[in-house]
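Encoded as structure tokens, the structure appears first; notes follow it.
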Amino acid sequence: MMQAESSSQKNSLFSAMRRFIGAVNNMDHTVLVPSLLRDVPLDLPQDGDMYSSYVLLKSIRNDIEWGVLQGDERRKDPAEDDLEKEFHFHLNGLHAVLSKLTCRADTLTSRYKEEVGCRK
């Protein structure tokens, strides 16, 4: 059973990522023939067609779930590059900060164990 999110949980990064991944999973299960999205425009001309957005959203979901591929091993529509580059910049920054914070938490835990005389 799923509990309702409090207002503070609703604004958390984890909740935002979970909602995004859920929306993309729903989109992925709904769109059975992605090629039908080719050349179908979105609301704004700079957004490209629906197929480009479909591929971009799935790519970002995969980056969140599995990490960013190094060397940009996949090629896509150049119109999506700016948005994807901005996402990757922030995702890499968030990953770096979370890694540093994780190390700090691990160090603090180890140091605490030393101070109180606990050993692994």
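Can you pull out the residues in region 19-56 that are touching a residue at least 24 places away in the same chain (Cβ under 8 Å) and among the aromatic types (Phe, Trp, Tyr)?
Phe20, Tyr54
Right, Leu83: in a helix (DSSP H, G or I), open to solvent by 80 Å² or more (accessible area, probe 1.4 Å) and modelled with pLDDT of 80 or more or not?
When the stated conditions are applied, Leu83 passes them.
Which of (1) at pLDDT 85 or above; (2) part of a helix (DSSP H, G or I) does Asp39 not meet, given it meets every other one?
That leaves (2) as the condition not met.
So that you can scan it fast, the table gives a plain yes or no per residue for (1) β-branched (Val, Ile, Thr); (2) at pLDDT 85 or above; (3) assigned to a helix (DSSP H, G or I):
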| site | (1), (2), (3) |
| --- | --- |
| Glu65 | no, yes, yes |
| Lys76 | no, no, no |
| Asn92 | no, no, yes |
| Ala96 | no, no, yes |
| Asp106 | no, no, yes |
| Arg111 | no, no, yes |
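With (1) modelled with pLDDT of 90 or more; (2) surrounded by 14 or more Cβ atoms within 10 Å (Cβ to Cβ) as the list, and Thr30 as the residue in question, which single condition is left unmet?
(2)
The values are calculated or read from the model by the stated rules, or taken from the named source; none is laboratory data. Values in this document were obtained by computation on a predicted structure and should not be read as measured data. Glycine gets a Cβ as well: all are built from the backbone with ideal geometry, and neighbour counts include every protein chain shown. Keep in mind that these areas ignore ligands, DNA and RNA; they rest on the heavy atoms of the full protein, side chains included. Shrake-Rupley method; radii C 1.70, N 1.55, O 1.52, S 1.80 Å.
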